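Single-structure report; data block below.
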Amino acid sequence: MKGICILGATGSIGVSTLDVVKRHADQYQVIALTANTNIDTLYAQCLEFKPHYAVVVNADKGAEFKAKIAGTELADMQVLIGAEALVEVATLDSVDSVMAAIVGAAGLLSALAAAQAGKTVLLANKESLVMSGDIFMQAIKDSGAVLLPIDSEHNAIFQCMPANYTAGHDAPTARRILLTASGGPFRVTPLAELSTVTPDQAVAHPKWDMGRKISVDSATMMNKGLELIEACLLFNMQPEQIQVVIHPQSIIHSMVDYIDGSVLAQMGNPDMRIPIAHAMAWPERFDSGVAPLDIFGVQHMDFEPADLQRFPCLRLAMEAISAGGIMPTVLNAANEIAVESFLNEQIRFTDIPVVIEQSMAQFSATPAKTLALILEADRQAREQAEQIIKTLEV
Ligand code: NAD
Ligand code: MG
């Protein structure tokens, strides 16, 4: 039996993870589940999976949750409140695998703690890797932790890498990664209409059902930018070795191009339970609950380059990785603030790259040598982005 801790259990990835856990209750035991504010979902999950620990980050919701379970069959469960508790449950001795599925920078410290503690880290939270880059990858190497990518593209690439490949190491025979993208909901929307699209339109992804933040990132293609940075770190590649390919059908989830001209692709229905089950069963395989791919239903597959005029966020991410140092952290922080402001209808969709570009212009790419420097850059970039948003508010 493996013990699993699911950070961000109530989100889209968390729910899909529990769906896979349910199918393999003989192999996985849920040790801890965490939520920020959604205590109703957490409560239902606790009733079903009986974890030893439940964490609620928000203090008011945590108190409410404690009152809710008093006198119920969950009364003996340990309830911890606050962000520090995320690190505590991610590093418990009884935990073998940690699903890092909190959204945004809020997931950094717990994902990093799992890496430092030598856990098997199932990494969905790409923002933490983008922010902490080399520090995160070094922590994995130093502790002997196993890092398995959950992001569908990176999981696909991992599956296409040479046998026995370990994340963060060289694969000299792999010369290029073809990183696929669906193109999101605005792939063909007339450019002039983009300034008036609403949050509901932006989160209505054509192929994937995801949380609101990553859905907006997919619409701006910042998601692909973050994934490009993620891929450089996970597969030890230079940005020039990664080609972004728009593939609207989302059947191929990415490809690896080898020196002999072979191109290996991983395909499947667009359902996150596939990469989750792959990582949970690794190096074996088990059922994910996803229906077999109907290859005749696919009919055809298209591939096109990404238009950087339409998707300036992708260009900004490329600039951030080239600059290096704290710049990916700044990019990520400014993006998180801009996306939140767009979702709150404070700025327009087309203001998102403006906020990020103007924020990045305020920083130089100083080395990101320590976690303290990274957290400080994150804080300052958020402040900058907030200031810029005040000048743009609609
Ligand atoms: P979501 O919004 O559905 O869920 C987010 C989870 O994080 C929730 O459980 C929430 O309680 C928790 N959370 C939010 N703010 C928090 C905070 N301040 N402190 C602690 N916990 C907090 O998001 P999601 O779509 O499940 O995405 C999670 C992560 O996985 C993101 O980094 C995303 O980029 C990545 N990812 C998601 C998908 C997908 O299909 N949803 C695919 C690839 C990668
Ligand atoms: Mg992805």
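Amide hydrogen proximity for VAL57: with H placed 1.01 Å from N in the peptide plane, the residues at 5 or more positions away or on another chain lying under 5 Å are ALA35, ASN36, GLY82. Between the alpha-carbon centres of the range 129-195 and the range 89-120 there is a gap of 18 Å.
Label point of ASP209 set 7 angstrom out along Cα-Cβ; within the range 277-307, amide nitrogens under 15 Å from it belong to 289-291.
Distance between the 7 Å Cα→Cβ label points at LEU373 and HIS300: 5.1 nm.
Gap in Å between the Cα centre of the range 16-87 and the Cα centre of the range 340-394? So the separation of the two Cα centres works out to 33 Å. Of the trypsin sites (Lys or Arg not before Pro) in the range 253-341, which ones lie in a loop per DSSP and count no more than 11 other C-beta atoms within 10 Å? Within the range 253-341, the qualifying trypsin sites (Lys or Arg not before Pro) (loop, at most 11 other Cβ atoms within 10 Å) are ARG285. Site pair GLU319 and ASN236 shows an inter-label distance of 3.1 nm when each label is modelled 7 Å from Cα along Cα→Cβ. With viscosity 1.002 mPa s and temperature 20 °C, the Kirkwood radius over alpha carbon pairs of the range 229-363 converts through Stokes-Einstein to a diffusion coefficient of 120 µm²/s.
Divide the volume of the convex hull around the Cα atoms of the range 42-88 by the residue count and you get 62 Å³ per residue.
For the range 268-366, GluC sites (Glu not before Pro) are listed when DSSP marks them as loop and at most 12 other Cβ atoms sit within 10 Å of their Cβ; the list is GLU284, GLU345.
Taking Lys and Arg as +1 and Asp and Glu as -1, the other residues whose beta-carbon sits under 15 Å from that of ASP76 total +2. Ordering ASP260, ASP302, ASP351 from the fewest to the most neighbouring beta carbons within 10 Å gives ASP260, ASP302, ASP351.
Using just its DSSP H runs of length 4 or more, each adding -39500 (n - 2.57), the chain gives a mean residue ellipticity at 222 nm of -14000 deg cm²/dmol after division by all residues. Which entries in the list LYS22/LYS126; LYS68/LYS207; LYS2/LYS66; LYS61/LYS213; LYS66/LYS213 go over 32 Å, if you measure between the two C-alpha atoms of each? Flagged as over cut-off: LYS68/LYS207. Database remark: amide H of GLN266 closer than 5 angstrom to the amide H of HIS253, SER254 (H placed geometrically; neighbours at sequence offset of 5 or more, or on other chains; Pro and chain starts carry no H). Using θ = phi - 60° in the Karplus curve 6.51 cos²θ - 1.76 cosθ + 1.60, the 3J(HN,Hα) couplings for the range 75-92 round to 4, 8, 5, 6, 10, 10, 10, x, 5, 5, 5, 5, 5, 4, 6, 6, 10, 4 Hz; x is entered for Gly and Pro. Rounded to the nearest Hz, the phi-derived 3J(HN,Hα) couplings of the range 354-366 under the Karplus curve 6.51 cos²θ - 1.76 cosθ + 1.60 (θ = phi - 60°) are 5, 4, 5, 5, 5, 5, 4, 5, 7, 10, 10, 7, 5, where x marks glycine and proline. Since only GLN159, PRO312, VAL394 are under comparison, the one whose Cα sits farthest along the positive direction of the charge dipole of the chain, derived from C-beta charges on Lys, Arg, Asp and Glu, is GLN159. In order along the range 137-142, phi translates into HN-Hα couplings of 5, 5, 4, 4, 5, 5 Hz, rounded to whole numbers, per the Karplus curve 6.51 cos²θ - 1.76 cosθ + 1.60 with θ = phi - 60° and x for Gly and Pro.
FYI, it's all coordinate maths here, none of it is from the lab. If you're wondering where the values come from, they're calculated on a predicted model, not measured in any experiment. Because the Cβ atoms are built from the backbone with ideal geometry, glycine has one as well, and the counts that use them run over all protein chains shown.
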